[in-house]
Amino acid sequence: MSDSTGIRLDRRTLLQSAGGVALGLASAGAGAAAAAPGRKRHVIVGMGSRSRMYLTALTKTFREGNELVGLCDTNPGRLELGGQVAAAEGAQPRRYLASKFDEMLAEVKPEVVIVTSPDATHDEYIVRALDAGCDAITEKPLTTTPEKAQRILDACKRNSRHVRVLFNYRYSPPRTQVKDLLMSNAIGDVLSVDFHWLLNTVHGADYFRRWHSQKAISGGLMVHKATHHFDLVNWWLGTEPEQVLASGKREFYTPAMARRMGLKSHHERCRTCPEKAACTFYLDLAADPAFQALYLNQEKHDGYFRDRCVFRPEIDIEDTMNVIVRYKTGTTLSYSLNAFNAWEGYQIAFNGTKGRIEHQIVEQAFTAGATLPPGAEKDAVKTRLIPLRGAPREIEPWTGTGGHGGGDEVMLREVFGQAEPDKYKRAADERSGLYSILIGAAANRCFSSGRAVNIAELVKGLSPPQVAPMPTHDGKLPMPGKA
Ligand SMILES: NC(=O)c1ccc[n+]([C@@H]2O[C@H](COP(=O)([O-])OP(=O)(O)OC[C@H]3O[C@@H](n4cnc5c(N)ncnc54)[C@H](O)[C@@H]3O)[C@@H](O)[C@H]2O)c1
């Protein structure tokens with residue numbers, strides 16, 4: 001038996017766990033459903049690693065204006081853990097198995113549903129939340145396929161509501177700074193963009209261990225990961241994608257590669273791997289207390305292994321992807337995503353009518369048991385502005401602290417604290433969420449068909465998001481200085 005994520009569920013354990021959670025519910029206290037005056041009521045669905053950021057925001061950092069009233073998950077163990085973390089901060093959210101999601105909405109009456117479940121399940125909870133009269137906030141990617149995208153768009157229209165998509169990358173100070181430079185006409189209007197994103201063999205490999213390695217759940221890296229990158233470009237340029245051409249393959253995380261590296265074969269998972277001593281992709285879940293608590297100890301409930309072999313044949317996502325996007329303004333993007341690289345981060349260049357911006361970040365990526373590759377400088381930001389015919393200028397990067405280059409904190413303040421007018425228009429709704437995932441979905445189609453895909457073919461009724469004013473393609477330009 002499998003749930004909608006494809007995670008294997010054993011009927012007996014599921015029924016037993018459902019009973020266990022029902023008991024837990026009783027002990028959560030009936031008073032939990034009573035509204036605290038003046039505080040916005042939230043529930044979270046999907047109690048994995050990402051949910052903790054929201055849990056802390058609602059029960060600690062921003063508890064003054066917010067209240068966490070419900071938690072929901074398919075896995076009763078992770079649900080219970082989430083409840084314990086909330087209780088440590090004095091919150092008493094009621095806990096519900098995913099099959100009781102609608103009951104949760106009816107009983108705890110949230111104003112906001114926060115969706116942090118696996119990607120392909122987002123549409124289900126967003127649509128049900130909107131139809132129940134709630135606001136929905138979702139983690140990226142908004143969803144994984146054009147069909148699910150259409151469901152969300154239709155539900156937004158039917159309920160006259162927008163879905164908030166939390167694109168934390170927009171909020172990281174150096175990326176906001178790039179937006180500021182582009183908006184300020186520093187390089188004129190942008191005619192093309194060259195963008196290369198690298199994932200290393202620590203963090204990058206991790207996508208091939210988990211549910212992310214199944215396209216039906218994650219949409220592949222073109223959707224799951226590149227949604228951040230396509231959204232950044234859409235937002236940086238302030239325009240919408242029109243056509244996508246792409247090519248993708250998997251050549252590194254394969255059984256053949258395991259053999260080339262001296263292993264006899266791929267295996268099911270690290271924990272039981274007979275060749276763990278020889279494999280440097282080995283992940284010891286028991287060595288990391290957080291992984292042990294969140295995943296290893298909860299396997300008994302749903303059979304979800306967080307340490308599956310990165311070389312196993314049933315993986316169906318790509319590790320090497322190249323994409324060309326044409327935008328409505330005529331701007332073109334040349335993008336690549338590579339998941340087995342020597343360092344992690346990205347290089348991007350904006351080619352404008354007055355010059356070029358080159359921007360690079362070496363990202364910190366940490367996975368249990370491993371750190372940055374040798375020589376890589378943590379979170380190093382470089383931004384350079386080069387006029388068409390002038391001396392390059394190094395730009396002092398804007399800085400921040402906390403998760404995702406400081407982006408998470410800025411974003412959480414805006415979402416759960418005091419929202420201030422934002423000239424960069426970083427707050428994204430379903431329109432930005434869809435334009436970003438539709439590039440990935442179009443790329444996925446190209447991978448199999450080899451043909452260019454028009455975004456307009458994929459969903460009906462999608463209108464452009466609100467964007468900050470950007471330099472146009474028809475304004476007057478100064479003649480470049482003498483060469
Ligand atoms: N913005 C970012 O930088 C960022 C970072 C990490 C994850 N994410 C996103 O957050 C989401 C969660 O990722 P994660 O890393 O926490 O994954 P995870 O595997 O750690 O957690 C997922 C949780 O959802 C539960 N779940 C599975 N199927 C479900 C269903 N049908 N209904 C309800 N719950 C279900 C699982 O039991 C698990 O507790 C994903 O959409 C991911 O893309 C975003």
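Quick notes on this structure:
- Taken over region 82-97, the criterion of being assigned to a helix (DSSP H, G or I) and surrounded by 21 or more Cβ atoms within 10 Å (Cβ to Cβ) is satisfied by Gly82, Gly83, Ala86.
- Looking only at region 133-147, and only at residues there that are part of a strand (DSSP E or B) and within 14 Å of the ligand (Cβ to nearest atom), the one that is farthest from Glu103 (Cα to Cα): Glu139
- Close Cβ contacts (under 7 Å, 6 or more residues apart or on different chains) running from residues in region 323-335 that are basic (Lys, Arg) to residues that are not in a strand (DSSP E or B) comprise Lys328/Thr239; Lys328/Glu240.
- Test: Gly77 is in a helix (DSSP H, G or I), within 14 Å of the ligand (Cβ to nearest atom) and over 29 Å from Lys215 (Cβ atoms): no
- Scanning region 37-50 for residues being in contact with a helix residue (DSSP H, G or I) (Cβ under 9 Å, 6 or more places away or on another chain) and more than 6 Å from the ligand (Cβ to nearest atom) gives a total of 5.
- In region 299-313, the residue that is surrounded by the most Cβ atoms within 10 Å (Cβ to Cβ) out of those that are of a type outside the set (A, V, I, L, M) and under 23 Å from the mean Cα position of the chain (by Cα) is Cys309.
- Verdict on Ala277 being of a type in the set (Gly, Ala, Ser) and farther than 30 Å from Tyr171 by Cα: yes
- Candidate set: region 115-131, residues that are surrounded by 22 or more Cβ atoms within 10 Å (Cβ to Cβ), of a type outside the set (Ser, Thr, Tyr) and assigned to a helix (DSSP H, G or I); chosen: the one farthest from the ligand (Cβ to nearest atom): Leu130
- Yes/no for Asn185 being in contact (Cβ under 8 Å) with a residue 12 or more places away in the chain and assigned by TED's automatic domain parsing to the domain that holds Val381: yes
Residues are listed down the side, and each one gets a yes or a no for (1) in the same structural domain as Ile395 (by TED's automatic domain parsing); (2) buried (at least 22 other Cβ atoms within 10 Å of the Cβ); (3) at positive phi; (4) touching a residue at least 24 places away in the same chain (Cβ under 8 Å):
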residue	(1), (2), (3), (4)
Leu263	no, no, no, yes
Glu275	no, no, no, no
Ala278	no, no, no, no
Asp288	no, no, no, yes
Ala349	yes, no, no, yes
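- Hey, Phe252 surrounded by fewer than 23 Cβ atoms within 10 Å (Cβ to Cβ) and within 14 Å of the ligand (Cβ to nearest atom) or not: no
- Ala339 outside any helix (DSSP H, G or I) and within 16 Å of the ligand (Cβ to nearest atom): yes
- Given (1) touching a strand residue (DSSP E or B) at 6+ places or on another chain (Cβ under 8 Å); (2) touching a residue at least 60 places away in the same chain (Cβ under 8 Å); (3) not aliphatic (A, V, I, L, M), number of the condition His122 does not satisfy: (2)
- Options Arg161, Arg151: the member that is out of contact with any Pro (no Cβ under 7 Å at 6 or more places or on another chain), assigned by TED's automatic domain parsing to the domain that holds Leu58, away from the ligand (no atom under 13 Å from the Cβ) and in a loop (DSSP other than H, G, I, E, B): Arg161
- Candidate set from region 261-315 (those that are among the polar types (S, T, N, Q) and under 19 Å from His203 (Cα atoms)); member that is nearest to the ligand (Cβ to nearest atom): Gln292
- Single unsatisfied condition, Lys328 versus (1) surrounded by 16 or more Cβ atoms within 10 Å (Cβ to Cβ); (2) modelled with pLDDT of 95 or more; (3) in contact with a strand residue (DSSP E or B) (Cβ under 8 Å, 6 or more places away or on another chain): (1)
- Complete set of residues in region 406-432 that are among the small types (Gly, Ala, Ser) and out of contact with any Phe, Trp or Tyr (no Cβ under 8 Å at 6 or more places or on another chain): Ala419, Ala427
- Within region 411-437, tally of residues that are within 13 Å of the ligand (Cβ to nearest atom) and part of a helix (DSSP H, G or I): 6
- Of the candidates Pro241, Pro274, Pro289, Pro255, the single residue that is in contact with a helix residue (DSSP H, G or I) (Cβ under 7 Å, 6 or more places away or on another chain) and not charged (D, E, K, R) is Pro241.
- Top-ranked residue in region 144-166 [being closer than 18 Å to His229 by Cβ and in contact with a Gly (Cβ under 8 Å, 6 or more places away or on another chain); ranked as surrounded by the most Cβ atoms within 10 Å (Cβ to Cβ)]: Val165
- Test: residue in region 51-69 that is more than 19 Å from Leu285 (Cβ to Cβ), touching a Phe, Trp or Tyr at 6+ places or on another chain (Cβ under 8 Å) and within 9 Å of the ligand (Cβ to nearest atom): no
- Those helices (runs of 4 or more DSSP H) lying entirely in region 209-314 with at least 1 residues over 30 Å from Ala186 (Cβ atoms): 215-218, 221-224, 255-260, 289-294, 299-302
The values are calculated or read from the model by the stated rules, or taken from the named source; none is laboratory data. Keep in mind the model is a prediction, meaning the values are calculated, not measured. All Cβ positions, even for glycine, are placed from backbone atoms using ideal geometry, and neighbour counts span all protein chains on display.
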